[in-house]
Every structure is written in structure tokens, then in C-alpha cells.
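Trainee: One structure, as C-alpha cells, below. Some questions next.
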Amino acid sequence: MRNRDFNVSTRPPVVHHLRVSWFYRHCLRPVLFAQEAEHAHEFSLKMLSRFSRNSVACAAAGAFYAATPLPVEVFGLKFPNPIGLAAGMDKFAAALPFWERMGFGFCELGGVTLRAQPGNPSPRMFRAPAAGAIVNRMGFNNPGAETFAQALAKWKSSGRWPKHPVGINLGKSKVTPLEKAAEDYAGSFRLLRDYAEFFVINVSSPNTPGLRQLQDKSALDEILAAVCELQKPGNRPAILVKVAPDLTFEALDEILELASARNLSGIVATNTTLSRPETDDPRLRAVYSETGGLSGRPLRDRSTEIIRHIYKQTRAQLPIIGVGGIFSADDAWEKIAAGASLVQIYTALVYEGPGLPKTIVAGLVQRMKKEGVRELKQIASMS
Ligand SMILES: Cc1cc2nc3c(=O)[nH]c(=O)nc-3n(C[C@H](O)[C@H](O)[C@H](O)COP(=O)(O)O)c2cc1C
């Protein structure tokens, strides 16, 4: 397991973040948003994948988007900053080296399942720009754990593996019945365990029939037991569980009871929601009426509520990765104040563009200075 040191600096970033986000909003985003959501996603990933193989492009991106160091240590891993890429963006490990160049402090690849699968029929991703939201029912389209492992092996041998921690999100193959779920997750873990510092057991995606039932204590316990059994001495990647925002606090507490029994490293809170906000806007209503999980701004407060509950319930003893509707440094601050040690973004990256990690880190550093906070973990005790 690699643990690297990162320099502490509070110097402001060289390039002004506003200029970066202006270019995305006014030049790139209109071109991307003219395309169907998944096409735009594929196009962007193809470009980032090309850049990832090109040293000059990587160096240029690094110079432009590098975030101010804001180091944090969580579950024994050192992160150069607390802003991560959320699962679902890079399901093929296509742009692994680029996320670090884009200023992220870590990335979560996947979701990956044991069997390769195409996911649900298209269209399956819908933007709601007026709400800063996305509805998706991708259904774990991915190349399968074996091919994914080969892609990661190639990045390892290319010398382009990032310095920041890498995580992998594991889902269940659609063809695997629920009662065989533990074997499915464990099969993926066996193939991928040498390639990531942390794994996220995703039992909270709303787009695989029955998957959320695996959040039940006994089903989840079986999965965790099967995965933990495969951890090797000297290589014990951190294991986290990703929860749905639609769980009751009672159901959440049952999951938390497993945390100490199974030595969980943390909880990722949260996945997308099945609920929909009320709206009179007919265009928003059309998007919200699509089947699938809702992410982005409308998810923000519920996800923060879940984080606050976990933090209190575990007496701050279990690290939380907070995710859901983070668009700004203030949003990230709110999640950290609720008890998150790290945060992740997906939807805001689509709306705000690649300058966002750097902007959020710079905003956090600025606010920490203003409020006289020296370490991120002090923020939670202030709320
Ligand atoms: C298109 C899309 C695909 C996603 N795929 C996954 C996935 O494979 N596994 C997972 O755990 N979460 C997945 N997510 C959920 C995100 O990781 C994140 O939890 C959620 O979108 C909330 O964060 P956000 O509001 O910043 O987008 C996906 C989200 C979107 C929008």
C-alpha cells in the first residue's frame, strides 16, 4: 500500500479559477449540452482518455488545474486534498491518470461488476440544468472485473499511475441472483484487490433490480464477510459501504452495527435518490418522471442529513465520504461540518467543468483561514 507525503501550502493557485470556469460554461458546456447526455459523457471520456496517454497534455492540465495542497489522512491513507471523483464517471478506468491532473485528491473508479454487462437500454441519462441535477438509470454498464483489472495493469506498467489514493466501486452483476451476491462481489474483489487502496461495496444503486435489498443487515454481512476473507496480510485495502439517501435512520443504524464487527473503514454517503422534489416547471417534471436515481443539487440536503446522522451515531469514530449535490466550497464545507472526512463530486463536474476541484479546494483553504481553522477535522467540531 502506498502512502505518500504531500506538501502543505496555503498559497493561492496561480491561475484564477473564475476564468477557468467561465471558459467551460461559455465555450465547452454549450457544445457538450447540445449532445444527448450520454454521448457528451462518452465524448468527454474519450478526450480525457487520449489526454491521459499524452505526457504534454497531462503536464499542461496539471499546470492549469492543480489544486492547492490540503492534505488529509483518513483510514490510514494520505490524500493530497479531500475532493474526490465520485463513482460512475470513469467505469472503464479510461482516464485514470487525468483525474489527479484535474486537481482531485482521489478517485473512485467503477462501478464494476464481476460479469461484463451493457447496462439498461438508452437513453438512460437525463440532465435537468434548471435544477443542477441528473437522473440516470445506467444499470452498471461496465467491462467486467477481469477486463477492468487488465486496464488497471496497463496503467500500472505505463508508469502513469496517480500518486493519490485510488478506489474501486463494486456492484453486483445483473445476472447474479441476490442470494449469490456475496460470491459476485468477492469474485470482483479477488480480481481487483491488488489495484486499489480502497473498495466501496455499492449496495445502494437504484438501477439494478433488488440491489438495495442487499443493504439489509444479514445480506450485507454475508457480502462483507466474503470480501474481508480475501484480504491478504500485507495488502488489506480499506473496505467501505455506500448507502442510499432513501434509507430510514433505523435501517442505517443496522448497517452501522456491522461496521465494527466487520472492521469497516468507512461509509460513502450517499448514492442517488429515488425521491423527487416538487416542481411546477414542466421541463423539470419531464426529467423527474424518468425512472432512475436523481443526483445533484436536489440531493444535497438529504445527503448531508445522512452524514450528520452517521457521524453522531458513530461518535465520529467511522470515517465518512460525503457525496451528493456538492457544487461549491461552501457545499463541501457543509458536508465536512456534518462529519465527512472526504467528499466527492459527480453532477457538479458536468455543470461546472474541470476547474471545479481546484476551485473547491481554494475556497476551503480560504474559509479555513478566515475562520481560524488549521485542520479539516476541526470543522466538524465547530458545527
Ligand atoms: C450517470 C451516473 C452514474 C453513476 N454510477 C454510479 C456507480 O456506478 N456506482 C455508484 O456507487 N454510484 C454511481 N453514481 C452516483 C454518484 O457516485 C454519486 O453518489 C451521486 O451522483 C451523488 O453525487 P452528485 O450529486 O455529486 O452527483 C452515478 C451517478 C451518475 C449521475
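Every residue, every condition in (1) closer than 29 Å to Ala61 by Cβ; (2) under 19 Å from the mean Cα position of the chain (by Cα), yes or no:
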{"site": "Asp281", "(1), (2)": "no, no"}
{"site": "Ile307", "(1), (2)": "no, yes"}
{"site": "Ile336", "(1), (2)": "yes, yes"}
{"site": "Ala348", "(1), (2)": "yes, yes"}
{"site": "Ala362", "(1), (2)": "yes, no"}
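Trainee: Lys154 fails exactly one of the following numbered conditions: (1) in a helix (DSSP H, G or I); (2) open to solvent by 50 Å² or more (accessible area, probe 1.4 Å); (3) within 23 Å of Leu77 (Cα to Cα). What is the number of that condition?
Mentor: The number of the failed condition is (3).
Trainee: Would you tally the residues in the range 351-366 being assigned to a helix (DSSP H, G or I) and either of a type outside the set (S, T, N, Q) or in contact with a strand residue (DSSP E or B) (Cβ under 6 Å, 6 or more places away or on another chain) (or both)?
Mentor: Step one: filter the range 351-366 for residues assigned to a helix (DSSP H, G or I), giving 351-352, 356-366.
So of that shortlist, the ones also either of a type outside the set (S, T, N, Q) or in contact with a strand residue (DSSP E or B) (Cβ under 6 Å, 6 or more places away or on another chain) (or both) come out as 351-352, 356-358, 360-365.
Selection size over the range 351-366: 11.
Trainee: Separate question: Which of the residues belonging to the range 52-62 are open to solvent by less than 80 Å² (accessible area, probe 1.4 Å) and either modelled with pLDDT under 95 or part of a helix (DSSP H, G or I) (or both)? Break it down into steps so the answer makes sense when it comes.
Mentor: Looking only at the range 52-62, we keep the residues that are open to solvent by less than 80 Å² (accessible area, probe 1.4 Å), and these are 52, 54-55, 57-62.
Passing the criteria: Ser52, Ser55, Ala57, Cys58, Ala59, Ala60, Ala61, Gly62.
Trainee: In the range 278-304, which residues are open to solvent by 80 Å² or more (accessible area, probe 1.4 Å), away from the ligand (no atom under 14 Å from the Cβ) and charged (D, E, K, R)? Explain how you work it out, then say what you get.
Mentor: Our first condition is that a residue be open to solvent by 80 Å² or more (accessible area, probe 1.4 Å); within the range 278-304, this holds for 278, 280, 282-283, 285, 289, 291, 297, 301.
Narrowing further to those that are away from the ligand (no atom under 14 Å from the Cβ): 278, 280, 282-283, 285, 289.
Scanning the range 278-304 gives Glu278, Asp280, Arg283, Arg285.
Trainee: Just name the residue that is nearest to Leu96 (Cα to Cα) out of those in the range 164-182 that are open to solvent by 10 Å² or more (accessible area, probe 1.4 Å) and touching a residue at least 60 places away in the same chain (Cβ under 8 Å).
Mentor: Lys174
Trainee: Taking the range 186-218, which residues are under 29 Å from Ser52 (Cα atoms) and assigned to a helix (DSSP H, G or I)? Lay out the reasoning, then the answer.
Mentor: Within the range 186-218, the subset under 29 Å from Ser52 (Cα atoms) is 187-202, 205.
The answer is Gly187, Ser188, Phe189, Arg190, Leu191, Leu192.
Trainee: Would it be correct to say that Leu211 is touching a residue at least 24 places away in the same chain (Cβ under 8 Å), closer than 24 Å to Ile307 by Cβ and open to solvent by 10 Å² or more (accessible area, probe 1.4 Å)?
Mentor: Numbers: touching a residue at least 24 places away in the same chain (Cβ under 8 Å): yes; closer than 24 Å to Ile307 by Cβ: yes; open to solvent by 10 Å² or more (accessible area, probe 1.4 Å): no.
Considered against the rule, which asks whether it is touching a residue at least 24 places away in the same chain (Cβ under 8 Å), closer than 24 Å to Ile307 by Cβ and open to solvent by 10 Å² or more (accessible area, probe 1.4 Å), Leu211 comes out as no.
Quick grid of which residues meet (1) charged (D, E, K, R); (2) more than 19 Å from Val350 (Cβ to Cβ):
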{"position": "Asn81", "(1), (2)": "no, yes"}
{"position": "Gly103", "(1), (2)": "no, no"}
{"position": "Glu108", "(1), (2)": "yes, no"}
{"position": "Arg124", "(1), (2)": "yes, no"}
{"position": "Ala130", "(1), (2)": "no, no"}
{"position": "Gly144", "(1), (2)": "no, yes"}
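Trainee: Right, here's the next one. Working carefully through the options Val241, Val227, find the one that is out of contact with any Leu (no Cβ under 7 Å at 6 or more places or on another chain) and crowded, with 17+ Cβ neighbours inside 10 Å. Even if it seems obvious, please write down each step before you answer.
Mentor: Numbers: Val241 fails: out of contact with any Leu (no Cβ under 7 Å at 6 or more places or on another chain).
Going through Val241, Val227 in turn, the sole match is Val227.
Trainee: Which of the residues spanning the range 91-121 are among the small types (Gly, Ala, Ser) and within 11 Å of the ligand (Cβ to nearest atom)?
Mentor: Looking only at the range 91-121, we keep the residues that are among the small types (Gly, Ala, Ser), and these are 93-95, 103, 105, 110-111, 116, 119.
Residues satisfying the conditions are Gly110, Gly111, Gly119.
Trainee: Of the residues Ile321, Ile310, which is in contact (Cβ under 8 Å) with a residue 12 or more places away in the chain, within 20 Å of Phe79 (Cα to Cα) and more than 9 Å from the ligand (Cβ to nearest atom)? Working first, answer last.
Mentor: Numbers: Ile310 fails: within 20 Å of Phe79 (Cα to Cα).
Exactly one of Ile321, Ile310 is in contact (Cβ under 8 Å) with a residue 12 or more places away in the chain, within 20 Å of Phe79 (Cα to Cα) and more than 9 Å from the ligand (Cβ to nearest atom), namely Ile321.
Trainee: Would you say Asn235 is within 15 Å of the ligand (Cβ to nearest atom), open to solvent by 10 Å² or more (accessible area, probe 1.4 Å) and either in contact with a Lys or Arg (Cβ under 8 Å, 6 or more places away or on another chain) or of a type in the set (S, T, N, Q) (or both)? Don't jump to the end; show me each part of the working.
Mentor: On the way: within 15 Å of the ligand (Cβ to nearest atom): no; open to solvent by 10 Å² or more (accessible area, probe 1.4 Å): yes; either in contact with a Lys or Arg (Cβ under 8 Å, 6 or more places away or on another chain) or of a type in the set (S, T, N, Q) (or both): yes.
Answer is no for this residue.
Trainee: Still on this structure, I have one more. Can you say whether Lys370 is open to solvent by 50 Å² or more (accessible area, probe 1.4 Å) and either in contact with an Asp or Glu (Cβ under 8 Å, 6 or more places away or on another chain) or more than 16 Å from the ligand (Cβ to nearest atom) (or both), as far as the supplied structure shows?
Mentor: Numbers: open to solvent by 50 Å² or more (accessible area, probe 1.4 Å): yes; either in contact with an Asp or Glu (Cβ under 8 Å, 6 or more places away or on another chain) or more than 16 Å from the ligand (Cβ to nearest atom) (or both): yes.
Yes, satisfied.
Trainee: Of all residues in the range 87-124, which are among the aromatic types (Phe, Trp, Tyr) and open to solvent by 30 Å² or more (accessible area, probe 1.4 Å)?
Mentor: To start, the set of residues in the range 87-124 that are among the aromatic types (Phe, Trp, Tyr) comprises 92, 98-99, 104, 106.
If the condition is that a residue be among the aromatic types (Phe, Trp, Tyr) and open to solvent by 30 Å² or more (accessible area, probe 1.4 Å), then Phe92 is the only one that fits.
The values are calculated or read from the model by the stated rules, or taken from the named source; none is laboratory data. Note that the structure is predicted; figures quoted are calculated from it, not measured. All Cβ positions, glycine included, derive from the backbone under ideal geometry; neighbour counts span all protein chains shown. Note: areas computed on protein heavy atoms with side chains; ligands, DNA, RNA excluded. Shrake-Rupley method; radii C 1.70, N 1.55, O 1.52, S 1.80 Å.
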